[in-house]
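Let me begin by presenting the structure, written as structure tokens, before commenting on it.
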Amino acid sequence: MIQNSANTKVITITDGEFRTLAAHIEENYGIHLKEEKRTLVMGRLHKVLEEMGFKNFTQYYKYILQDRGGAATLTLIDKITTNHTYFMREADHFDFFREQVLPFWIKTLKEKDLRIWCAASSTGEESYTLAMIIDEVVKQKDATWDTKILATDISSQVLEIAKQGIYSYDKIKALQLKWKINYFKKYNNENYKIIDKIKNEVIYRRFNLMEHSFPFKKKFHIIFCRNVMIYFDIKTKDILIEKFYNSLEYGGYLFIGHSEWINLEKTGFKHIRPAVYRKEK
């Protein structure tokens, strides 16, 4: 054990324990934990080990493997995943979505069934932003469109925050004034809540992108998966990109993070603009 500045004993993780736990996390959840993340792992999990009465990470790992109900696994995922997002993150994506992507599909889809997947929705800012744009561009002009957004994440903790749709003023202050007026209502002295009209347009579900196959009955027209693949190794990322490709309709768009890239030699995607790709063959 080591002792931190608050005189709290932190259970240390050995080289072997870290390699074993990191391998388990990468195999099951795709997250590649480099050696420099060892301190982060100890810091985020030490309270869990302490509360459960484990003396070392070996005992904790065995507990994870024996978990039948899933609670231990959910806790592990919530602790080791990083969920940093905010409204209008990488705003040029939302501009392109509004000005180019939506008009194309509005013109193309005669059945008025637009299918969008936010594949790493975190605390909901991305999916609610898309829903607000869709309301302005599509729903206010023709309410018969089905534009519900599927928003998934591996962390049940962030999904609960997203479902509540409650954000501090600091979180929403960057939004345009008419959005703040039309799509939020005062919740208490410090927080604002997404109105039900927008909230009901998003379906939140827990989903692991490392599933061998995606269970969706219909293909999507648009997929957002931004700033997630930076945690994956090249092989895992290439497999995921292929699954996204197969989950899109022809003409469908994939949005990824600006710090991420796709190897075009290994996929049928065409590069459209920074961090935007399209299934064209």
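Please treat every number below as a calculation from the coordinates, not as lab data. Please read these numbers as outputs of a predicted model, since none were measured by experiment. Don't worry about glycine lacking a Cβ; one is built from the backbone with ideal geometry, like all the others, and counts go over all protein chains shown.
Computed quantities for the displayed model
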quantity	calculated
Cα-based reach from Lys171 at 21 Å (exclusive), listing lysines while leaving out same-chain residues under 8 positions away	Lys163, Lys180, Lys185, Lys186, Lys193, Lys197, Lys199
R0 of 45 Å, Cβ-Cβ distance Arg19-Asn191: FRET efficiency to nearest 0.05	0.60
Counting DSSP beta bridges with both ends in the chain, the antiparallel % (nearest 5)	45
Computed FRET value (nearest 0.05) for Gln100 with Thr39, which takes r as the C-beta separation and R₀ as 41 Å	0.40
Radius of gyration and maximum dimension Dmax of region 2-80, Cα, Å	12.1, 36
The chain - percent relative contact order, Cα under 8 Å, separation 6 or more	16
The chain: calculated mean residue ellipticity at 222 nm from DSSP helix runs of at least 4, using -39500 (n - 2.57)	-11000 deg cm²/dmol
Highest-first arrangement of 37-44, 273-280, where packing means the average Cβ count within 10 Å	273-280, 37-44
Computed lengthening from Glu90 to Gln140, 0.36 nm per intervening residue step minus Cα-Cα distance	15.5 nm
(i) 62, 52, 33; (ii) 45, 45, 33; (iii) 57, 49, 30, with the label sought being that of the calculated Cα extents along the principal axes in Å	(i)
Protection proxy ranking, peptides 125-134, 250-259, 230-239, average beta carbon neighbours within 10 Å, highest first	125-134, 250-259, 230-239
In nm, spacing of pseudo-spin labels at Lys107 and Asp67 (7 Å Cα→C-beta vector)	4.9
Inter-site label distance for Lys281 and Lys163 at 7 Å from Cα along Cβ, in nm	4.4
Simple label model, 7 Å out from Cα along Cβ direction - Lys171 to Thr267, nm	2.9
Angle between the chain longest axis and helix 38-52 axis [Cα atoms, degrees, rounded to 10]	70
Sequence-separation-based contact order of region 2-80, relative, with Cα cut under 8 Å and 6+ spacing, percent	29
